[in-house]
Each structure stands twice: as C-alpha cells, then as structure tokens.
Amino acid sequence: MNDYDSHDGLGLAALVKKRAVSASELLEAAIARCEKRSELNAVVVPMFEQARAAAKAEVPRGPFEGVPFLLKDLHLNLPGVRTTNGSNLYAENVPMRESELVARYRRAGLITFGKSASPEFGLTCTTESRLFGQTKNPWNLEHTSGGSSGGASAAVAGGLTPLANASDGGGSIRIPASCCGLFGMKPTRGRTPLGPDSGEGWSGMSCVHAVTRSVRDSAALLDATAGPDLGAPYAAQPPLRPWLAEVGAPAGRLRIALDTETWNEAPTHPDCRAAAEDAAKLCESLGHHVERARFAPSSIEELRKSTLTVVSANIRWAIEEGARKLGREPKQDDVEPGTWLTASISKNLDSVAYAAAIKVLHRTGRELAQFLTSYDVLLSPTMGAPPTKLGVLSLSNPNFAEQTAGLMQAIGYTQLANSAGTPAMSVPLSWNAAGLPIGVQFIGRHNDEATLFRLAAQLEQARPWFTRTPARAS
C-alpha cells in the first residue's frame with residue numbers, strides 16, 4: 001500500500017471493512033515500513049509471525065478491524081512474548097498471562113506486530129536503554145523521540161502505524177507526542193485497566209492510552225478500552241456518550257487559563273513559551289476566552305519530594321521483584337546508574353513517608369480541581385524545552401546534574417496532571433525554527449476528556465497537522 005500512511009487508524013479499518021484491502025496487506029505494509037525505518041529503533045520486540053497468523057485468521061470486527069498496532073514494552077503482557085520493561089534485569093521475562101487491556105485491543109480489531117521501545121522502567125523522558133540502545137526522533141535523528149513512550153512516538157511519526165499504545169506516569173504520553181508532532185491524550189486516573197497484574201501504576205500517577213496522528217483515533221480507542229476490569233481498585237466516572245461523538249461536536253466558549261511557568265520552577269525555553277502563547281491566540285480566534293492565570297501547588301518542595309518518594313519506592317520494588325524471579329538478590333549493575341540511584345532513595349524512607357506522600361498528591365489534585373472551578377482548561381507548553389539531543393536524559397548519562405536538570409525541564413508542565421489524576425493532552429500546533437515539533441498541553445477537569453476531545457478536534461480542523469510529517473522512506 002503506497003498510501004498506507006495517508007490514512008489514520010479508523011481510515012485503514014474502513015478500507016478493511018469494505019474489503020478494499022485485507023488485514024494481511026495492511027500488516028505487510030507496516031512490517032515493510034518497520035524494516036525500512038530500522039534506524040529509528042522503535043520496535044524492539046518484533047512479533048511479525050504472530051501478527052501474520054492473526055491477520056490471516058478471523059479478525060474481530062471492531063472499530064480498528066485489521067489495523068497494525070504496537071504495544072509499549074512496559075508492563076503490558078502478551079502470553080509467550082517478552083516484556084522487558086527496557087531493562088536487562090527483565091530481558092528474558094516471558095509472562096504467561098494476558099493483560100486485560102491487550103485483550104481489549106484485540107477485540108477492537110487491532111493486530112499487534114511488535115512491542116515498542118521504553119527506557120528502563122519508563123523512568124526518564126527519553127527512550128534510551130542499555131538493553132536496546134537509542135530510539136531516534138524521525139524529525140531529526142540526533143534528537144530524542146521523548147519518553148518513556150518514545151518507541152511508540154517514533155513509530156507513529158515514522159509512518160509504521162497510525163496509532164500505538166503508550167503510558168504516562170509523569171508525561172510519558174504527552175512528552176513523546178510533543179517531541180514527534182503527534183496527538184497524545186493522558187486519560188483520567190483509573191480510566192483504563194491495568195489488570196490482572198496491577199491495580200494502579202505509581203500510586204495512581206501512571207495510566208495507559210496511546211499516541212495517535214488523529215484526534216478521532218484517540219477518542220475511538222479510548223471508547224474501545226475504557227472501564228474497570230475485574231477487581232479494579234477504583235475507576236473513573238463513565239462518559240455521558242462515546243468520546244468519538246465529541247470529535248466534531250461544538251466546543252462552546254471555553255474559559256482557558258494560560259500558564260507559561262513550570263510548576264517545579266524549571267526554566268521554560270522561548271520556543272515552548274511562544275508555542276503556548278500562539279495556541280492561546282488560536283483559541284481566542286476560535287471564540288474562547290483566554291486569560292493568564294498562575295496555578296502552583298501549595299508547596300512545590302513537598303510535591304517534588306512526594307513524587308520522588310512514590311517513584312523511588314516503585315522502582316525499588318521492580319528491581320527487587322526482577323531479582324526475586326531470577327532467584328537472587330539485586331545487584332547494582334543489574335540496572336542503569338540513574339535507575340539504581342532513584343531506587344536507592346527509598347532506602348532512607350519509611351512507610352510513614354510514603355503515606356505522607358500520597359496525602360500530598362491527593363491534596364494537589366484537590367487544589368487543581370479548585371483552580372479549575374474558574375476555568376474549563378489549563379493551557380501551557382507541554383515541555384519546558386524542545387526535544388533534546390540523545391544522551392542528555394539517558395539513565396546512563398554520567399553527568400547526573402545535566403540529566404536531572406533536563407528531566408525537571410521536560411516534566412515541568414506534565415507531571416502536575418499525573419499527581420492530580422486529571423486528563424491532559426498534548427496537541428501538535430507548533431514547530432520551531434530547527435524543524436522540531438513543539439507540543440502544547442491542555443489540562444482538563446477530572447473525568448472530562450469530553451471537553452478536551454471537542455477542543456482538540458476544533459484545533460485539528462483550524463490548524464491541520466495530519467499531513468505534516470517528517471521525511472520518510474517510500
């Protein structure tokens with residue numbers, strides 16, 4: 001299919017449904033592009049033969065019937081297929097139980113042909129690992145594709161697939177979307193299932209959805225996958241109607257707060273500030289009311305410490321669990337230096353500190369909810385800086401101060417929505433003078449993905465981005 005990447009996922013599925021093309025033909029187009037764009041290093045666990053068998057079998061007649069798809073190589077499991085979590089410690093980890101979300105993807109008609117790259121345990125905002133190497137940005141191969149869903153974003157931007165699974169614990173859907181010129185929606189806490197192996201990620205900060213080229217693909221995929229699974233500890237409030245119905249629906253006159261200062265006091269690059277201010281002007285031209293308004297948590301230092309407490313404890317558990325499965329104690333060289341250092345922080349903390357951290361995260365959610373009683377949406381840059389050169393944010397960067405400063409700048413706007421549990425999206429509305437994408441973030445109220453999807457569709461129509469793609473192999 002020479003015009004494979006001129007369609008989004010729903011467009012490809014429509015071709016399959018009317019028998020203009022077969023699922024096998026779509027799959028071979030995806031595999032061919034994967035092989036031609038191997039320099040991206042986006043797909044690290046190929047599943048080509050399993051996918052070919054699935055495409056030849058009876059494909060479920062879901063909304064994405066026959067569409068090639070990638071799973072992020074982090075936590076989500078397919079029986080008999082490696083889930084490495086980007087770590088040497090889990091390099092040979094082969095689960096025998098299927099994740100509920102994977103089953104929902106299959107019922108939606110998606111055909112998984114591989115697993116996309118992630119940094120070790122999804123711990124940084126670039127996709128580089130000692131296990132698989134560097135994943136590159138299709139817009140400029142010297143730059144990061146973002147993280148931790150950077151394999152997904154490189155694959156979608158590189159034309160391998162129109163949509164790919166992604167997860168977000170501090171910005172890991174929105175940051176790669178920003179880096180690669182894609183649409184990335186982080187849903188409300190508890191919106192999609194993590195079972196049967198987990199009830200929540202990073203104490204509720206992490207959730208799972210996708211990066212996509214079109215807004216409607218994101219909405220349709222969330223329709224197909226949202227809702228609690230058996231035994232889920234909690235769930236988000238169901239929508240009033242399908243999110244796909246919100247795409248193209250009137251957005252109304254929204255009250256939008258514009259904030260171009262990071263919550264964690266990291267600096268904001270002029271390109272990112274300009275992108276948000278330009279998006280504000282675009283929103284005003286569409287009839288929305290925009291005003292500058294600063295949101296900051298009541299204690300920046302407490303939120304910073306609390307986030308680190310939760311993350312470090314979870315990373316330490318992942319290391320110890322991986323070593324336990326191997327029948328031994330964990331060793332420092334099992335993981336990358338930045339991973340070990342993060343996990344080591346938890347050794348100086350007790351259970352009371354963890355409980356206190358959860359209280360701070362929940363307080364932040366309440367504070368943001370109160371702020372959003374005066375506004376429908378909070379607009380900001382997605383990231384504090386354009387996509388960095390590869391190596392800077394790596395967990396193996398020997399310059400730890402450089403890595404930490406870059407990480408804080410990368411998550412300076414995104415982490416807030418993870419702490420609060422609110423939905424948030426990155427919309428590809430700007431490119432800088434160097435030709436790199438600069439995303440713009442919109443944070444919504446709890447359970448209100450509907451407003452975000454309506455606004456995103458309006459922005460997509462006003463400033464289309466679908467055909468704006470990096471140079472690709474034909």
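The values are calculated or read from the model by the stated rules, or taken from the named source; none is laboratory data. Given the structure is predicted, the values throughout are model-derived calculations rather than measurements. Here the Cβ positions follow ideal geometry from the backbone for every residue, glycine too, while neighbour counts run over all protein chains shown.
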When you go through GLY439, GLY444 one by one, which is the residue that is modelled with pLDDT of 95 or more and either farther than 15 Å from LEU258 by Cα or in contact with an Asp or Glu (Cβ under 9 Å, 6 or more places away or on another chain) (or both)? GLY444
Members of region 206-241 that are hydrophobic (A, V, I, L, M, F, W, C) and either in contact with a Leu (Cβ under 7 Å, 6 or more places away or on another chain) or free of Cβ contacts under 8 Å to residues at least 24 places away in the same chain (or both): VAL208, ALA210, VAL211, ALA219, ALA220, LEU221
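Consider region 408-426. How many of its residues are under 16 Å from the mean Cα position of the chain (by Cα) and not in a strand (DSSP E or B)?
13
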Enumeration of residues in region 151-160 that are touching a Pro at 6+ places or on another chain (Cβ under 7 Å), in a helix (DSSP H, G or I) and touching a residue at least 60 places away in the same chain (Cβ under 8 Å): ALA152, ALA154, ALA157
Between a residue in region 413-430 that is on the phi > 0 side of the Ramachandran plot and any residue that is in a helix (DSSP H, G or I) and not acidic (Asp, Glu), which pairs come within a Cβ distance under 7 Å, given they are 6 or more apart or on different chains? GLY421/GLY204; GLY421/GLY365
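Going residue by residue through region 151-169, is there one that turns out to be of a type outside the set (S, T, N, Q) and closer than 16 Å to THR388 by Cβ?
Scanning region 151-169, I find at least one residue that is of a type outside the set (S, T, N, Q) and closer than 16 Å to THR388 by Cβ, so the answer is yes.
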I need every pair where a residue in region 307-329 that is over 26 Å from ASN264 (Cα atoms) has its Cβ under 8 Å from the Cβ of a residue that is among the hydrophobic types (A, V, I, L, M, F, W, C) and not in a helix (DSSP H, G or I), sequence separation at least 6 or different chains. ILE319/VAL335
Looking at (1) assigned to a helix (DSSP H, G or I); (2) within 25 Å of PRO138 (Cβ to Cβ); (3) modelled with pLDDT of 95 or more, which is the only condition VAL16 fails? (2)
Single condition ARG363 does not satisfy, out of (1) basic (Lys, Arg); (2) closer than 30 Å to GLY444 by Cα; (3) loosely packed, with under 15 Cβ neighbours inside 10 Å: (3)
Scope region 286-340; condition of a type in the set (Asp, Glu) and within 26 Å of ALA405 (Cβ to Cβ); matching residues: GLU301, GLU302, ASP333, GLU336
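Please state which one of ALA276, ALA245 is among the hydrophobic types (A, V, I, L, M, F, W, C), surrounded by 20 or more Cβ atoms within 10 Å (Cβ to Cβ) and over 30 Å from LYS359 (Cβ atoms). Before the answer, list the steps.
Numbers: ALA245 fails: surrounded by 20 or more Cβ atoms within 10 Å (Cβ to Cβ).
Testing whether each residue is among the hydrophobic types (A, V, I, L, M, F, W, C), surrounded by 20 or more Cβ atoms within 10 Å (Cβ to Cβ) and over 30 Å from LYS359 (Cβ atoms) leaves just ALA276.
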Could you list, in sequence order, the residues of region 27-43 that are free of Cβ contacts under 8 Å to residues at least 60 places away in the same chain and crowded, with 21+ Cβ neighbours inside 10 Å? ALA29
Taking region 250-272 and keeping residues buried (at least 16 other Cβ atoms within 10 Å of the Cβ) and in a loop (DSSP other than H, G, I, E, B) leaves ALA251, LEU254, ASP259, THR260, GLU261, THR262, TRP263, ASN264, ALA266, THR268, HIS269
Inter-residue pairs, beta-carbon under 8 Å, first among the charged types (D, E, K, R) and in region 382-401, second surrounded by fewer than 17 Cβ atoms within 10 Å (Cβ to Cβ) and part of a loop (DSSP other than H, G, I, E, B), 6+ apart: none
Across (1) crowded, with 24+ Cβ neighbours inside 10 Å; (2) small (Gly, Ala, Ser); (3) over 30 Å from PRO60 (Cα atoms), SER149 clears everything bar (3)
Hey, any hits in region 381-402 for a residue that's assigned to a helix (DSSP H, G or I), crowded, with 22+ Cβ neighbours inside 10 Å and of a type in the set (A, V, I, L, M, F, W, C)? no
Of those in region 431-443 that are buried (at least 24 other Cβ atoms within 10 Å of the Cβ) and not aliphatic (A, V, I, L, M), the residue farthest from PRO187 (Cα to Cα) is PRO437
Among the listed residues SER298, SER346, identify the single one that is in a loop (DSSP other than H, G, I, E, B) and either surrounded by 14 or more Cβ atoms within 10 Å (Cβ to Cβ) or touching a residue at least 12 places away in the same chain (Cβ under 8 Å) (or both). SER298
Would you confirm whether any residue within region 369-384 is in contact with a strand residue (DSSP E or B) (Cβ under 6 Å, 6 or more places away or on another chain), β-branched (Val, Ile, Thr) and closer than 22 Å to ARG189 by Cβ? yes
Residue pairs within 7 Å by beta carbon, gap of at least six or interchain, first lying in region 242-262 and without any contact (Cβ under 8 Å) to a residue 40 or more places away in the chain, second loosely packed, with under 15 Cβ neighbours inside 10 Å and in a strand (DSSP E or B), listed first then second, are ARG253/HIS289
Six or more apart or on different chains, Cβ atoms under 7 Å: show the pairs whose first residue is in region 105-134 and farther than 30 Å from SER24 by Cβ and whose second is charged (D, E, K, R). PRO119/GLU128; GLU120/GLU336; SER129/GLU120; ARG130/GLU336; GLN134/GLU128
